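Chemist: Right, I'll just put the structure down here and ask away after.
The values are calculated or read from the model by the stated rules, or taken from the named source; none is laboratory data. Treat the numbers as computed from the prediction; the structure is a model and nothing was measured. Cβ atoms come from the backbone with ideal geometry, glycine included; neighbour counts cover every protein chain shown.
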Amino acid sequence: MTHTARIDDFYHHAPASLQAMIALSTCVKKSALGLRLVELVNLRISQLNHCGVCIDMHWRDLIGQGMDPRHVNAIAGWREAPASFFSDRERAALNWAEATNALPHQQPGDDDFALLKNHFDDSQIIELSYGIAVIRGWNLINASLRNQIPEVPPPGL
């Protein structure tokens, strides 16, 4: 089923809020987490939240970073993927992303947090949490307003 966008070109509305979201996204991408990890989490959260615009964008970004397409396609099934596809650190972040994305219906468990602490310091955990929050925000905006996957991606994205 195809849906039409509810608000055409929403980027021109509420520019200050848009710039704040972009600033947070940019800050997380420049953090000590590393761009690949941030984009892996962005793609996985976007898959869970059914945000086609974000799935397309973050898939293209990972491919642009040189990630093997088979590995990118395996993100939805990362638990079953071969060990060589994702590092233990990436798996801990993906696990935490899924656990926190389930809020408020399910709380991340102590085991989820312990796994995360094995691979990230407190500052990185907070950065990852900001990253999860901002991609959830983008997913909410894009999915609820039915923003469309562009036929031709914008230059540089």
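Chemist: Can you tell me which residue in the stretch 113-124 is nearest to A20 (Cα to Cα), limited to those that are crowded, with 17+ Cβ neighbours inside 10 Å and aliphatic (A, V, I, L, M)?
Modeler: L116
Chemist: Residue by residue through the stretch 37-67, note down the ones that are among the basic types (K, R) and over 10 Å from the mean Cα position of the chain (by Cα). Walk me through how you get there before you give the answer.
Modeler: Within the stretch 37-67, the first condition is being among the basic types (K, R), and the residues that meet it are 44, 60.
Within the stretch 37-67, just R60 meets the criteria.
Chemist: Return yes when A114 is within 18 Å of the chain's Cα centre (by Cα) and not hydroxyl-bearing (S, T, Y) and no when it is not.
Modeler: On the way: within 18 Å of the chain's Cα centre (by Cα): no; not hydroxyl-bearing (S, T, Y): yes.
So A114 fails the test.
Chemist: Next question. Show me the helices (runs of 4 or more DSSP H) entirely contained within the stretch 14-100 in which 1 or more residues are under 18 Å from G137 (Cα atoms), of a type outside the set (V, I, T) and modelled with pLDDT of 95 or more.
Modeler: Working: elements: 15-29, 35-48, 52-64, 69-73.
In the stretch 14-100, the matching helices (runs of 4 or more DSSP H) lie at 15-29, 35-48, 52-64.
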